[in-house]
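To start, the structure itself, in structure tokens.
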Amino acid sequence: MNIKKKKTGSTLTVSVNGRIDTATAPEFDADVTQNLDGITNLILDFKDVNYVSSAGLRVLLSLQKKMMAAGEMKLIHVNEAVSDVFEVTGFDEILTFEKA
């Protein structure tokens, strides 16, 4: 998994490449969380994410809760496979996301 971050004012855009699973979810969580100070708009670009496990879903839920207190979070470029995971787990009702 590779993570690239771009901060513009109070917006943080995080581009993720690869899988968010048991092995990579802690790194993803730590990397994003440590950059949230002063952020009111978190954009997660999932263009190159091909898999999200339950560990990844927990991180997304945690980030969503943090951002609800500070602003908003949106996922963009979510592919069909990841979108299906969101729908099956009910995360499509929790997360704001745009399909690719």
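If residue 54 meets every condition in (1) surrounded by fewer than 13 Cβ atoms within 10 Å (Cβ to Cβ); (2) within 22 Å of residue 23 (Cβ to Cβ); (3) in contact with a Lys or Arg (Cβ under 6 Å, 6 or more places away or on another chain) apart from one, which number is that one?
For residue 54, the exception is condition (3).
Would a scan of the stretch 53-73 turn up a residue that is in contact with an Asp or Glu (Cβ under 8 Å, 6 or more places away or on another chain), at pLDDT 95 or above and over 23 Å from residue 11 (Cβ atoms)?
yes
Take the residues in the stretch 38-63 that are in a helix (DSSP H, G or I) and within 19 Å of residue 4 (Cα to Cα); name whichever of them is nearest to the chain's Cα centre (by Cα).
Ranking the qualifying residues of the stretch 38-63, first place goes to 60.
Would you say residue 45 is out of contact with any helix residue (DSSP H, G or I) (no Cβ under 6 Å at 6 or more places or on another chain), touching a residue at least 12 places away in the same chain (Cβ under 8 Å) and either under 20 Å from residue 86 (Cα atoms) or surrounded by fewer than 16 Cβ atoms within 10 Å (Cβ to Cβ) (or both)?
In short, yes.
What number of residues within the stretch 1-34 are touching a strand residue (DSSP E or B) at 6+ places or on another chain (Cβ under 7 Å), loosely packed, with under 14 Cβ neighbours inside 10 Å and assigned to a loop (DSSP other than H, G, I, E, B)?
Within the stretch 1-34, residues that are touching a strand residue (DSSP E or B) at 6+ places or on another chain (Cβ under 7 Å), loosely packed, with under 14 Cβ neighbours inside 10 Å and assigned to a loop (DSSP other than H, G, I, E, B) number 1.
Looking only at residues in the stretch 75-85 that are closer than 20 Å to residue 3 by Cβ and surrounded by 15 or more Cβ atoms within 10 Å (Cβ to Cβ), which one is nearest to the chain's Cα centre (by Cα)?
75
The values are calculated or read from the model by the stated rules, or taken from the named source; none is laboratory data. For clarity, every value in this text was computed on a predicted model and none was experimentally measured. Cβ coordinates were reconstructed from backbone atoms using ideal geometry, including for glycine residues, and neighbour counts include every protein chain displayed.
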